[in-house]
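S.K.: First, the structure itself, so that you have it in front of you.
The values are calculated or read from the model by the stated rules, or taken from the named source; none is laboratory data. Computed from a predicted model, the values in this text were never measured in an experiment. Here Cβ is always computed from backbone atoms with ideal geometry, including for glycine, and neighbour counts include all displayed protein chains. Ligands, DNA and RNA are stripped out before the accessible areas are found, and what is left, the full protein with its side chains, is counted by its heavy atoms. Shrake-Rupley method; radii C 1.70, N 1.55, O 1.52, S 1.80 Å.
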Amino acid sequence: MKTAPALTNRRILIIDDTPSIHQDYRDILAPPAPAPGTLGPRPYFELDSAYQGEEALELVTRAVAEGRPYAMVFTDMQMPPGWDGLETIERLWQVDPHLQIALCTAYSDYTWEAMAQRLEFGDQLLVLKKPFDSLEIRQMANALTWKWQMAQDAASKMLSLERTIEERVHELLKVSHLLQYDVLTELPNSTLLGDRLTQSLALSRRHDKQLAVMFLGLDRFKRINNALGHPIGDEMLKRVGKQLVATVRASDSVFRYGSDEFVVILADIHHPQQTKRIAQKLLAAVSAPQHIAAHDLSVTASLGISIYPDDGFDALALIKKAETAMRNVKESTPNDFGFFIEAMNQQAREQQGIESGIRLALARGEFVLHYQPKLNLQSGRIVGAEALIRWFKPDHGWVYPSDFISVAEDSGLIVPLSKWVLCEACRQACAWQAQGLAPISLSVNVSAIDFRQRGFVASIEQILAETGLDPTLLELEITEGVLMQNVDTTVATLRAIKDLGVRLAIDDFGTGYSSLSYLRRFPIDVLKIDQSFVRDLSTDSNDAALVGAIISLGRSLNLNIIAEGVETLAQLAFLKAQQCEEVQGYLFSKAVDPQTFALLLKHGLQMPEA
Ligand code: C2E
Ligand code: MG
Ligand code: MG
């Protein structure tokens, strides 16, 4: 398919002091239109006439102003009494630099060199030697108007290209801003922190000054998000950012480091003690009450401090040490500050060692599961087992979960570890059944990280399918704290697990904050009373009352109740009297290896006389 040709500019200005010449041009370039119905030459060009350079300048100026510029000019060389051709051209180009020009000269007018001295010839000027013929004129008019059009097209393409480039450059500016600044608080982010801190350190070095890095972590900030929603959490973070900026001097800088973490660089410190006062001011600023969406809210922060040059020379080391100090404060005394001390590094190194140890242990198969029996108080029979992980370190011996589970959780290694535990526990339960032992319920502990993992339910389903264990024999123990975060999502996940047929238990019940109304919403089967209450049953009347209350609460909600950590006959007697259903504890058996557990299951356990 042919496309319509682009409209071209066919306006030509003839400049010549001899009127008859104008008619010659008209005959050649704009012959009269043929009579209707007859064939004949059609008008090619739109012609205007000027008889002097000055008049031509007026016409060209007007044409430009009206947005209908000429494409080309034919101009004579000698036009007394006014400007000659060269001067005319020079003036015309000043008002319309795009004009294509054909200069008509007789041999006698000027030499080429003389002309070149007066005017810089671009490729927009052609010289036509008189006398000329009509074909030459027509070809030149065609060629130069075409050239004008091409030059215009190229210029507009160039312009749009320039615009595109400008836009791209603008987007790149924007992008790098996004990379360096936090959108929410508008504070510089951790990327920029590295650069700025390195610069500040160079200055401190040169001027022999000290510098402090302060790492702030908000305490239990997730609770605001969970309880009131993310928009309110976001607003709170913005306000905290503003408070921090308002508290420090202009020469100090504040960065948003992580979701609820900020870093402040204090340049020009004379003495580390000087930072104490600033730390107190920052903590006070953070905890100022904020009125957000009809709530009066306040958060606190824990703050860690590292000092150049005492604690390190480079940005990374100083940030890490301030962070370590912050974590230490957060664990021991939140809403306070503390300086980095070398002992903390030792602890961090130990954690690092445990982390790589877990990785290796997973690959080398150094983990094993031990099983602790759960007994029915009335029948005295073993009705279940809790799988408890143990790590046998070849050159060290047994390592217990309290020494590595939290590191596994912090490093994310808990995910593969828990998968292994689930698989191994299900496999073992099937193996016992294959040996002809009575089927029992098998409990596996699940950590918060596992529970929030996207593919968690699917992986349980897969493990059940692979091992062939009856899902109703599997029970997951989840701590109360885990359940109380993001209650809606929690309920959905719990339902999905229940849909598989798996049972659910709340572990360490009584240590968290569950309210009765929530408890009703969770599709759970078992409440496991925390061992701290069981421990002091006989000495602490409060605990006794609490355990009694939990048991009757569980009964009213139709839940199974199990007491863990039962060590004494007195505890057993109390639980019996309260009609607790199941018990677990050293009084009956510690967690034992699978072979020993099989023997316990086969021969039964002697229920001590309470
Ligand atoms: P937990 O789930 O509350 O497990 C009960 C802990 O109490 C076990 O310690 C058990 O050996 C201990 N225990 C049982 N009976 C008694 C008793 O009569 N007196 C005393 N003082 N303690 C008793 P363990 O095996 O050291 O496990 C500690 C915690 O580590 C567990 O608490 C659980 O939260 C976690 N854990 C254990 N295995 C796993 C696992 O495979 N995955 C995950 N995520 N966590 C695990
Ligand atoms: Mg447990
Ligand atoms: Mg427990």
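S.K.: Can you give the net charge of the other residues whose Cβ lies under 14 Å from the Cβ of residue 570, counting K and R as +1 and D and E as -1?
M.R.: -3
S.K.: Using only Cα atoms, tell me the angle between helix 134-180 and the longest principal axis of the chain; keep it within 0 to 90° and round to the nearest 10.
M.R.: In the chain, helix 134-180 runs at an angle near 20 degrees to the longest axis.
S.K.: Could you tell me how far the Cα centroid of the range 577-599 sits from the Cα centroid of the range 487-564, in Å?
M.R.: Cα centroid of the range 487-564 versus Cα centroid of the range 577-599: 19 Å apart.
S.K.: Further question: Going by accessible area, probe 1.4 Å, with all protein chains left in place, what is the ranking of 508, 450, largest first?
M.R.: Result of the area sort, largest leading: 508, 450.
S.K.: Just tell me which lysines come within less than 22 Å, Cα to Cα, of residue 174; anything on the same chain fewer than 8 places away is out.
M.R.: Straight-distance partners of residue 174: 238.
S.K.: Now for a different question. Please work out whether the range 169-284 counts as rounded, prolate or oblate from its C-alpha gyration tensor, where a ≥ b ≥ c are the square roots of the eigenvalues and a/c under 1.5 means rounded, while otherwise a/b larger than b/c means prolate and anything else oblate? Walk me through the intermediate numbers first.
M.R.: Details: a/c = 2.68, a/b = 1.25, b/c = 2.16.
Verdict is oblate for the range 169-284.
S.K.: What 222 nm value per residue comes from the helices of the chain, counting each DSSP H run with n ≥ 4 as -39,500 (n - 2.57) and dividing by all residues, nearest 500 deg cm²/dmol?
M.R.: Calculated from helices alone, the mean residue ellipticity at 222 nm is -15500 deg cm²/dmol.
S.K.: Follow-up. Might you work out the accessible area of residue 132 for me, using a 1.4 Å probe with all protein chains in place, and round it to the nearest 10 Å²?
M.R.: So the heavy atoms of residue 132 present about 60 Å² to solvent.
S.K.: If you don't mind, there's one more thing I want to ask. Please label the shape of the range 11-167 as rounded, prolate or oblate, based on the square roots a ≥ b ≥ c of the eigenvalues of the alpha-carbon gyration tensor (a/c under 1.5 means rounded; beyond that, a/b larger than b/c means prolate, else oblate).
M.R.: oblate
S.K.: Residue by residue through the range 342-347, which ³J(HN,Hα) values in whole Hz follow from phi under the Karplus form 6.51 cos²θ - 1.76 cosθ + 1.60 (θ = phi - 60°), with glycine and proline marked x?
M.R.: For the range 342-347, the Karplus curve yields 4, 4, 5, 4, 4, 5 Hz.
S.K.: A follow-up question, please. Just the accessible area per residue of the range 472-594, please: how many Å² with a 1.4 Å probe?
M.R.: Here the residues of the range 472-594 average 43 Å² of exposed surface.
S.K.: To the nearest 10 degrees, how steep is helix 456-467 against the longest Cα principal axis of the chain, on a 0 to 90 scale?
M.R.: So the helix axis and the longest Cα principal axis differ by about 60 degrees.
S.K.: Further question on the same structure: Taking θ as phi - 60°, what are the ³J(HN,Hα) couplings along the range 47-54 by the Karplus curve (6.51, -1.76, 1.60), each to the nearest whole Hz, with x for Gly and Pro?
M.R.: 3J(HN,Hα) across the range 47-54, in whole Hz: 10, 10, 10, 9, 9, 9, x, 4.
S.K.: When only the heavy atoms of the protein chains count and the probe is 1.4 Å, how do 484, 236 rank by accessible area, highest first?
M.R.: The ranking, largest first, comes out as 484, 236.
S.K.: What GluC sites (Glu not before Pro) does the range 69-166 have in DSSP loop regions with at most 16 other beta carbons within 10 Å?
M.R.: For GluC sites (Glu not before Pro) across the range 69-166 that sit outside H, G, I, E and B with at most 16 neighbouring Cβ atoms in 10 Å, the list reads 120.
S.K.: Another question, then. So, with +1 on the Cβ of K and R and -1 on the Cβ of D and E, and no other charges, what is the size of the charge dipole of the range 11-167 about its Cα centre, to the nearest 20 debye?
M.R.: Rounded to the nearest 20 debye, it is 520 debye.
S.K.: With every protein chain present, what is the per residue accessible area of the range 295-408 (1.4 Å probe, Å²)?
M.R.: 49
S.K.: Separate question: What percentage of the solvent-accessible surface of the chain, computed with a 1.4 Å probe over protein heavy atoms, is contributed by carbon and sulfur atoms? Before the final figure, lay out the partial values.
M.R.: Numbers: 16980 of 31650 Å².
Result for the chain: 54 percent of the exposed heavy-atom area is carbon or sulfur.
S.K.: Sticking with this structure for a sec: Too long at a 27 Å Cα-Cα cut-off: which of 330/590; 321/393; 393/602; 498/602; 222/321; 330/498?
M.R.: Violating the 27 Å limit, Cα to Cα: 330/590; 321/393; 393/602; 498/602; 330/498.
S.K.: Still on this structure, I have one more. Kindly identify the chain as rounded, prolate or oblate by the Cα gyration tensor criterion: order the square roots of the eigenvalues as a ≥ b ≥ c, call it rounded if a/c is under 1.5, otherwise compare a/b with b/c, prolate if a/b is larger, else oblate. Spell out each step's value before the answer.
M.R.: On the way: a/c = 4.05, a/b = 2.71, b/c = 1.49.
Prolate is the answer for the chain, as a/c is 1.5 or above and a/b outweighs b/c.
S.K.: How much net charge surrounds residue 181 when only the other residues with a Cβ under 15 Å from the Cβ of residue 181 are counted, with Lys and Arg +1 and Asp and Glu -1?
M.R.: Residues near residue 181 contribute +2 overall.
S.K.: Something else about it: Counting DSSP beta bridges with both partners in the chain, what percentage is antiparallel, nearest 5?
M.R.: 45
S.K.: With a 1.4 Å probe and every protein chain left in place, work out the accessible area per residue of the range 11-167 in Å², rounded to a whole number.
M.R.: Ligands and nucleic acids excluded, the figure is 56 Å² per residue.
S.K.: Whose amide H sits under 5 Å from the amide H of residue 49, counting only residues 5 or more places off or on another chain, with H placed in the peptide plane?
M.R.: Here 14 satisfy the definition.
S.K.: Around residue 201, under 15 Å between beta carbons, what's the net of Lys plus Arg minus Asp minus Glu among the other residues?
M.R.: -1
S.K.: Any idea what angle helix 85-95 forms with the longest principal axis of the chain, computed on alpha-carbon atoms, 0 to 90 degrees, nearest 10?
M.R.: Roughly 30 degrees, rounded to the nearest 10.
S.K.: Something else about it: Please work out the C-alpha center-to-center distance from the range 247-287 to the range 85-151 and express it in whole Å.
M.R.: Cα centroid to Cα centroid, the span is 73 Å.
S.K.: Could you work out the longest stretch of the chain that avoids the trypsin sites (Lys or Arg not before Pro) located in DSSP loops with at most 13 other Cβ atoms within 10 Å? Mind showing how you got there, number by number?
M.R.: Values: sites that count: 2, 220, 249, 454, 590.
No qualifying site falls inside 3-219, the longest such stretch.
S.K.: Okay, next question. Cross-link candidates for residue 281: which aspartates and glutamates have Cα within less than 15 Å, leaving aside residues fewer than 8 places away along the same chain?
M.R.: Once the sequence-local aspartates and glutamates are set aside, what remains near residue 281 is 252, 336.
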